Each structure stands twice: as C-alpha cells, then as structure tokens.
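Here is the structure we will look at.
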Amino acid sequence: MEQINVMLEPVRAFLIQTGAFLPRLAIALLVLVAGFLVAKAVRFAVEKGLRAINFHIVTKRAGLDGFLQQGGTHIDTIGVLGVLAYWVVILAALIVAFNGLGLTHVTELLSRVMLFVPQLIVALLVLAFGAYFARFLSNAVATYCKGVGMRDGQALGRIAYYAILAFVVMIALDQMGVGGSIVRDAFLLILGGVVLALALAFGLGGKDWAAAQLERWWPSKDDPRK
C-alpha cells in the first residue's frame, strides 16, 4: 500500500498543479478576449476622432498619405495610427495574461515592445506636423520671393522644405531611439560641411558669381531691366 502511495504521489501533484493552473488559464483567456474587444473599440475611436478633427487633411497635405500609397499600402496615416493604438491594447492584454500565468520572461519582452509602439506613434505625429509645416513654409518662401521680385523662388522654397524635413526626420528618429547621437552628429556634420563648402566657394573666387546671383534674385533699383 505504501508503494502504491509513492507511485501515485507524482500523479497527485500533477493534478494539484493542473487544478491550480486551469483557473489562471481561464482568466488569461478572458483577458485576451476582453483586450481584443477593447482594442477594436480603441482603433475605431482613434480613427473616427482623428478624422473628426480633420487630421487626415494635415497628413494628406504633408505628403504622408501619398508616401504610404506609393509603398503599396491601402491605408492612410490615420489608419496606421489606428493600427498602432490597436496593438498597444493587444500588447497590454498579453502582458496581463502572461503575467497571470507566471511567464515573466515573456512579459518582460512584451513590455519592451509595448514601450516602443507609443514612441512610434509620437514619431508619426512629429513627421505629420513637421512635413505639413515644411510644405507651408516652402510655399510661403516661394510666394514671398515672387512678391518681392526675387527669381528662383521655387528653388529657394524647395531648399527650405528639404532642410526643415531633414530636421523633422532627425527628431522623429531620435524619438524612436534609432541612431541616437550618431544621427544627430551625422546631421550636424553634413550641415557644417555644406556651410563650409558654401563659405569657401563664396570666399575663394566666387565673389563675382555670388554678386551676379544676388543681383538676379534681388535686382537693384537702378537696374534697367526692372
């Protein structure tokens, strides 16, 4: 009889562990189902809310929607933000579920992924508003140059657009933690190199060309062609 009890002891321990695990598994499944429903509602609310405040107009004029369509996707920037909000809720539900099951390593991994998604959302918002501002300023520069009689106003507007857009992209990458100081240092080095090259070009034999370009962009009052 004692030998039988010894043989049945592992089975008894397994049944006890199974009985303790099944309620936690049921709670984890309920959390996942509830998280899925909440995620669908959050995605719907985010997309409807952003379209209600006409955020899609900003992303369209900023060029983000066209960029996504050229990449082969059928959703716009608001759709991407809705998907990201959906996955934030799903990841939160998975973290709660796995934490209840005692899977700490999986919970830590999902926590790191979840921390990255809000950073990506903020980076997209920075790109949207930054690209919109860059295009607005580009049009303002071109209009001003045309109004004061400066030539090549469109070229100056494009230069302003790409300069601001490069700065905005750097901010977005820094927000996502991509590159870090390497991206900032590379941007500063490129900017410093361009400024140094222009300074050398204007200082070493480029005075006449610079004067001609300034006269072309902004003719003097006694210019007979004006």
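Regarding Gly79, is this residue in contact with an Asp or Glu (Cβ under 8 Å, 6 or more places away or on another chain) and at pLDDT below 90?
Values: in contact with an Asp or Glu (Cβ under 8 Å, 6 or more places away or on another chain): yes; at pLDDT below 90: yes.
It is true that Gly79 is in contact with an Asp or Glu (Cβ under 8 Å, 6 or more places away or on another chain) and at pLDDT below 90.
Can you run down the residue pairs with Cβ atoms below 7 Å, 6 or more apart or on separate chains, where the first is in region 127-142 and more than 17 Å from Leu156 (Cβ to Cβ) and the partner is open to solvent by 10 Å² or more (accessible area, probe 1.4 Å) and not in a helix (DSSP H, G or I)?
Final answer for the pair search is Ala131/Gly63.
Within the bounds of region 65-75, is there any residue that is touching a Phe, Trp or Tyr at 6+ places or on another chain (Cβ under 8 Å) and either crowded, with 19+ Cβ neighbours inside 10 Å or within 27 Å of Leu165 (Cα to Cα) (or both)?
Scanning region 65-75, I find no residue that is touching a Phe, Trp or Tyr at 6+ places or on another chain (Cβ under 8 Å) and either crowded, with 19+ Cβ neighbours inside 10 Å or within 27 Å of Leu165 (Cα to Cα) (or both), so the answer is no.
Are any of the residues in region 129-138 among the charged types (D, E, K, R), touching a helix residue (DSSP H, G or I) at 6+ places or on another chain (Cβ under 9 Å) and farther than 26 Å from Thr73 by Cα? Please lay out each step first, then the result.
In the first step, residues of region 129-138 are kept if they are among the charged types (D, E, K, R); the result is 135.
Checking the rest, the ones that are also touching a helix residue (DSSP H, G or I) at 6+ places or on another chain (Cβ under 9 Å) come to 135.
Still in the running and farther than 26 Å from Thr73 by Cα: none.
For region 129-138, residues among the charged types (D, E, K, R), touching a helix residue (DSSP H, G or I) at 6+ places or on another chain (Cβ under 9 Å) and farther than 26 Å from Thr73 by Cα: absent.
Does region 2-15 contain at least one residue that is among the acidic types (Asp, Glu), at pLDDT below 80 and open to solvent by 100 Å² or more (accessible area, probe 1.4 Å)? Give the steps one after another, and end with the answer.
Just the residues of region 2-15 that are among the acidic types (Asp, Glu), to begin with: 2, 9.
Among the residues that remain, those that are also at pLDDT below 80 are: 2, 9.
Checking the rest, the ones that are also open to solvent by 100 Å² or more (accessible area, probe 1.4 Å) come to 2.
Checked region 2-15: at least one residue is among the acidic types (Asp, Glu), at pLDDT below 80 and open to solvent by 100 Å² or more (accessible area, probe 1.4 Å).
Return a yes/no flag: does region 103-126 have any residue that is more than 23 Å from Leu37 (Cα to Cα), without any contact (Cβ under 8 Å) to a residue 24 or more places away in the chain and β-branched (Val, Ile, Thr).
yes
The values are calculated or read from the model by the stated rules, or taken from the named source; none is laboratory data. Bear in mind the structure is a predicted one, so any value in this text is a computation, not a measurement. So basically every Cβ, Gly included, is an ideal-geometry build from the backbone, and we count neighbours across all protein chains shown. Only protein heavy atoms, including side chains, enter the accessible area calculation; ligands, DNA and RNA are left aside. Shrake-Rupley method; radii C 1.70, N 1.55, O 1.52, S 1.80 Å.
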